[in-house]
Amino acid sequence: MPKIKIVPSILSAKMDKLQEEIDEIEDYSDLLQVDVMDNVFVPNITPQAELLKKFNTKVPLDIHLMVKEPSEEYLMSFIDANPNLKINNITVHQEACEYLGKTLDFIKSKNVKAAVAINPKTPLDAITSVLDKVEMVLIMTVEPGFSGQGFMEEVLPKIEKLRELNPELDIQVDGGINLKTAHLAVSAGANVLVASSYIFKSEDKVKAIKDLLESVK
Ligand code: DX5
């Protein structure tokens, strides 16, 4: 299995102290996730690409788009938002993209890694045809839209199956990851752990990350 990576999601960070909170964790983060919601694909809304102008970090970004039909122009708004930031990957949802392969190809053509996400109820079959285009698959372990929800254990068999078929793939999990659940996801085969409320609501965020890593050893 590839190396375990920790990906704090800034969704639960304090927006008025965003830079401070990012500075605190950046030495302990493999990627930093920016969650983007449109109030169409999910029943919640967040700032769009302009959020990327509000902070700086040396940590490469993981842009998780919970957005219906992201257009090329829309994708470019993130890629071009802040030349001081490095975008590692853009993740789009299978359920949200009619021309999924084309969208992934476009992301890759801009030298950004492409990733695909599926919701808890979406079967793995839905993404089989694009697996050769992506560097990472995000298996949602909650219904997307809000941080602070409970980890859905029923998703674990899907992670097991994906890992069995792809020993080297980065398999990301997102939703309800904490000291009680991370080891379940990792035992099933996930290696990229996104956590928002667990990290950003902790008194000591660095300790929270270290404890999380320890819990999956
Ligand atoms: C869910 C988002 C997650 C969310 C996770 O809609 O995609 O990234 O922030 O939050 P926690 O870790 O609090 O479940």
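Could you say which residue among ILE10, ILE6, ILE63, ILE25 is surrounded by 21 or more Cβ atoms within 10 Å (Cβ to Cβ), without any contact (Cβ under 8 Å) to a residue 40 or more places away in the chain and not acidic (Asp, Glu)? Walk me through it before giving the result.
On the way: ILE10 fails: without any contact (Cβ under 8 Å) to a residue 40 or more places away in the chain; ILE6 fails: without any contact (Cβ under 8 Å) to a residue 40 or more places away in the chain; ILE25 fails: without any contact (Cβ under 8 Å) to a residue 40 or more places away in the chain.
Every option except ILE63 fails the conditions.
Of everything in region 180-193, what is outside any strand (DSSP E or B) and within 10 Å of the ligand (Cβ to nearest atom)? Give them in sequence order. Don't jump to the end; show me each part of the working.
Within region 180-193, the subset outside any strand (DSSP E or B) is 180-191.
Of everything in region 180-193, just one residue is outside any strand (DSSP E or B) and within 10 Å of the ligand (Cβ to nearest atom), namely THR181.
As an exercise: evaluate VAL36 against (1) within 13 Å of the ligand (Cβ to nearest atom); (2) open to solvent by less than 50 Å² (accessible area, probe 1.4 Å); (3) in a loop (DSSP other than H, G, I, E, B) and give the number of the one condition it does not meet.
Going through the list (1) within 13 Å of the ligand (Cβ to nearest atom); (2) open to solvent by less than 50 Å² (accessible area, probe 1.4 Å); (3) in a loop (DSSP other than H, G, I, E, B), VAL36 breaks only (3).
Name the single residue that is farthest from ALA13 (Cα to Cα) among those in region 188-214 being free of Cβ contacts under 8 Å to residues at least 24 places away in the same chain and exposed (fewer than 14 other Cβ atoms within 10 Å of the Cβ).
Narrowing region 188-214 to residues free of Cβ contacts under 8 Å to residues at least 24 places away in the same chain: 198, 202-204, 207-208, 214.
With exposed (fewer than 14 other Cβ atoms within 10 Å of the Cβ) added as a condition, the list becomes 203-204, 207, 214.
Details: GLU203: 12, ASP204: 13, LYS207: 16, GLU214: 23 Å.
Result: GLU214.
Under 9 Å by Cβ, and 6 or more places apart or on different chains, what pairs join a residue from region 75-86 that is more than 15 Å from LEU104 (Cβ to Cβ) and part of a loop (DSSP other than H, G, I, E, B) with one that is open to solvent by 50 Å² or more (accessible area, probe 1.4 Å) and of a type outside the set (A, V, I, L, M, F, W, C)?
As it stands, the answer is ALA81/GLU50; ALA81/LYS53; ASN82/LYS53; ASN82/LYS54; ASN82/ASN56; ASN84/ASN56; LEU85/ASN56; LYS86/LYS58, since those pairs meet every condition given.
Go over the candidates ILE139, ILE177, ILE127 one by one and state the one that is within 16 Å of the ligand (Cβ to nearest atom), among the hydrophobic types (A, V, I, L, M, F, W, C), touching a residue at least 12 places away in the same chain (Cβ under 8 Å) and out of contact with any Asp or Glu (no Cβ under 9 Å at 6 or more places or on another chain). Break it down stepwise before answering.
Working: ILE139 fails: out of contact with any Asp or Glu (no Cβ under 9 Å at 6 or more places or on another chain); ILE127 fails: within 16 Å of the ligand (Cβ to nearest atom).
The conditions single out ILE177.
Using the structure shown, decide if ASN119 is crowded, with 16+ Cβ neighbours inside 10 Å, more than 14 Å from the ligand (Cβ to nearest atom), polar (S, T, N, Q) and modelled with pLDDT of 95 or more. Explain how you work it out, then say what you get.
On the way: crowded, with 16+ Cβ neighbours inside 10 Å: yes; more than 14 Å from the ligand (Cβ to nearest atom): no; polar (S, T, N, Q): yes; modelled with pLDDT of 95 or more: yes.
The answer is no for ASN119.
Can you work out which of the residues in region 43-60 that are more than 16 Å from the ligand (Cβ to nearest atom) and assigned to a loop (DSSP other than H, G, I, E, B) is nearest to the chain's Cα centre (by Cα)? Step through it out loud before you land on a result.
Start the filter on region 43-60 by keeping residues that are more than 16 Å from the ligand (Cβ to nearest atom), which leaves 49-50, 52-58, 60.
Now restrict to residues that are assigned to a loop (DSSP other than H, G, I, E, B): 54-58, 60.
Numbers: LYS54: 19, PHE55: 18, ASN56: 18, THR57: 17, LYS58: 17, PRO60: 12 Å.
Filtering first and then ranking leaves PRO60.
Give GLU154, GLU143 a once-over and let me know the one that is in a loop (DSSP other than H, G, I, E, B), surrounded by fewer than 20 Cβ atoms within 10 Å (Cβ to Cβ) and modelled with pLDDT of 95 or more. Reasoning before the result, please.
Details: GLU154 fails: in a loop (DSSP other than H, G, I, E, B).
Exactly one of GLU154, GLU143 is in a loop (DSSP other than H, G, I, E, B), surrounded by fewer than 20 Cβ atoms within 10 Å (Cβ to Cβ) and modelled with pLDDT of 95 or more, namely GLU143.
Return the total of residues in region 66-87 being within 16 Å of the ligand (Cβ to nearest atom) and either open to solvent by 20 Å² or more (accessible area, probe 1.4 Å) or touching a helix residue (DSSP H, G or I) at 6+ places or on another chain (Cβ under 6 Å) (or both). Explain how you work it out, then say what you get.
The initial filter retains those residues of region 66-87 that are within 16 Å of the ligand (Cβ to nearest atom), namely 66-68, 70, 78.
Subset that is either open to solvent by 20 Å² or more (accessible area, probe 1.4 Å) or touching a helix residue (DSSP H, G or I) at 6+ places or on another chain (Cβ under 6 Å) (or both): 68, 78.
Number of matching residues: 2.
Quick check, is ILE171 within 15 Å of the ligand (Cβ to nearest atom) and closer than 15 Å to VAL7 by Cα?
Values: within 15 Å of the ligand (Cβ to nearest atom): no; closer than 15 Å to VAL7 by Cα: yes.
When the stated conditions are applied, ILE171 does not pass them.
Return the only residue of ILE90, ILE6, ILE25, ILE63 being within 16 Å of the ligand (Cβ to nearest atom), assigned to a helix (DSSP H, G or I) and β-branched (Val, Ile, Thr).
On the way: ILE90 fails: assigned to a helix (DSSP H, G or I); ILE6 fails: assigned to a helix (DSSP H, G or I); ILE63 fails: assigned to a helix (DSSP H, G or I).
Being within 16 Å of the ligand (Cβ to nearest atom), assigned to a helix (DSSP H, G or I) and β-branched (Val, Ile, Thr) holds for just one of ILE90, ILE6, ILE25, ILE63, which is ILE25.
The values are calculated or read from the model by the stated rules, or taken from the named source; none is laboratory data. Given the structure is predicted, the values throughout are model-derived calculations rather than measurements. Every residue, glycine as well, gets a Cβ built from its backbone with ideal geometry; the counts of neighbours run over all protein chains shown. Surface accessibility is based on the protein's heavy atoms, side chains included, excluding ligands, DNA and RNA. Shrake-Rupley method; radii C 1.70, N 1.55, O 1.52, S 1.80 Å.
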